[in-house]
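**Q** Please read through the structure below; I'll follow up with questions.
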């Protein structure tokens, strides 16, 4: 197997993202490739692609110097990226309590909804039943979360089933605490609006290219064994088909592969 780049040094394929659907909180995203690599190296196989996608997405946002308050954008992009690996997921609106930095706030307490200025009142998370996980890539937007890279890594916890359930899910981290409250079924997609719907093709494009970028890491010598140990058959087929393919990345963020002996370029979606 050809040697791959150290994941801590792999800075390829920066990506264009869809137009933002909410306003920035003012805090800039904090994420480094070193932290992404550490998260992935310590992840169990079923969680590896989730943390890889969330970490690289955050790193791209950090490199762009963008604010952290984009929970809908992040979750929707990750949803489409996971689909490239054959992993089902769904974006859900929740009510969120965050406690830390000497303060406590509730977001979306009267039901998740859009404010007149277009910002989202509430929070969104990604539910991934196949991994039995809740993934929250944008928790660092809240002032209650300390502004350190260790505290602002993606939050991922195991579910008791395939949904949040009626009881609040509380997660205590080293220096802050969060509680996720499920909402009635008719509010779980409160994050949808006309602007999100109009940009759906852009979210799909961003998710596909994010998935290809992270796949380049998952097939590497550092992560291939864990990737093949994951419970995702399509991800295994991608490694078998493109494990040694040449990477093709362009300045617009397009990320493709050229298998040995093939003159054309393929995307992940081209693999059956």
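**Q** Collect the residues in the range 148-161 that are surrounded by 13 or more Cβ atoms within 10 Å (Cβ to Cβ) and in contact with a strand residue (DSSP E or B) (Cβ under 9 Å, 6 or more places away or on another chain), keeping them in residue-number order. Quick ask: steps written out before the conclusion?
**A** Of all residues in the range 148-161, those surrounded by 13 or more Cβ atoms within 10 Å (Cβ to Cβ) come to 149, 151-157, 159.
Of everything in the range 148-161, those that are surrounded by 13 or more Cβ atoms within 10 Å (Cβ to Cβ) and in contact with a strand residue (DSSP E or B) (Cβ under 9 Å, 6 or more places away or on another chain) turn out to be 151, 154, 155, 156, 157, 159.
**Q** May I pose another question? Between 262, 266, 239, which is more than 17 Å from residue 87 (Cβ to Cβ) and surrounded by 15 or more Cβ atoms within 10 Å (Cβ to Cβ)? Even if it seems obvious, please write down each step before you answer.
**A** Values: 262 fails: surrounded by 15 or more Cβ atoms within 10 Å (Cβ to Cβ); 239 fails: more than 17 Å from residue 87 (Cβ to Cβ).
Exactly one of 262, 266, 239 is more than 17 Å from residue 87 (Cβ to Cβ) and surrounded by 15 or more Cβ atoms within 10 Å (Cβ to Cβ), namely 266.
**Q** Moving on. Do we have any residue at all in the range 163-173 that's in a loop (DSSP other than H, G, I, E, B) and closer than 21 Å to residue 35 by Cα? Reasoning before the result, please.
**A** Narrowing the range 163-173 to residues in a loop (DSSP other than H, G, I, E, B): 163-168, 173.
Filter once more, keeping what is closer than 21 Å to residue 35 by Cα: 173.
Yes, the conditions are met somewhere in the range 163-173.
**Q** Oh, and also: Working carefully through the options 63, 149, 92, 84, find the one that is farther than 24 Å from residue 203 by Cα and in contact (Cβ under 8 Å) with a residue 12 or more places away in the chain. Explain how you work it out, then say what you get.
**A** On the way: 63 fails: farther than 24 Å from residue 203 by Cα; 92 fails: farther than 24 Å from residue 203 by Cα; 84 fails: farther than 24 Å from residue 203 by Cα.
On inspection, the qualifying residue turns out to be 149.
**Q** Looking at 218, 187, 210, can you tell me which residue is within 30 Å of residue 120 (Cα to Cα), in contact with a helix residue (DSSP H, G or I) (Cβ under 6 Å, 6 or more places away or on another chain) and at pLDDT 95 or above?
**A** Values: 218 fails: within 30 Å of residue 120 (Cα to Cα); 187 fails: in contact with a helix residue (DSSP H, G or I) (Cβ under 6 Å, 6 or more places away or on another chain).
Just a single option satisfies the conditions, and that option is 210.
**Q** Next question. Say whether the condition of being farther than 30 Å from residue 65 by Cβ and in a strand (DSSP E or B) is met by at least one residue in the range 147-161.
**A** Start the filter on the range 147-161 by keeping residues that are farther than 30 Å from residue 65 by Cβ, which leaves 158-161.
The next check asks that each one be in a strand (DSSP E or B); those that pass are 158.
For the range 147-161, residues farther than 30 Å from residue 65 by Cβ and in a strand (DSSP E or B): present.
**Q** Something else about it: Scanning the range 48-82 for residues that are buried (at least 24 other Cβ atoms within 10 Å of the Cβ) and not in a helix (DSSP H, G or I), which turns out modelled with the highest pLDDT?
**A** The selected residue is 70.
The values are calculated or read from the model by the stated rules, or taken from the named source; none is laboratory data. All values derive from a computational prediction rather than experimental measurement. Positions of Cβ are backbone-derived with ideal geometry, glycine not excepted, and every protein chain shown enters the neighbour counts.
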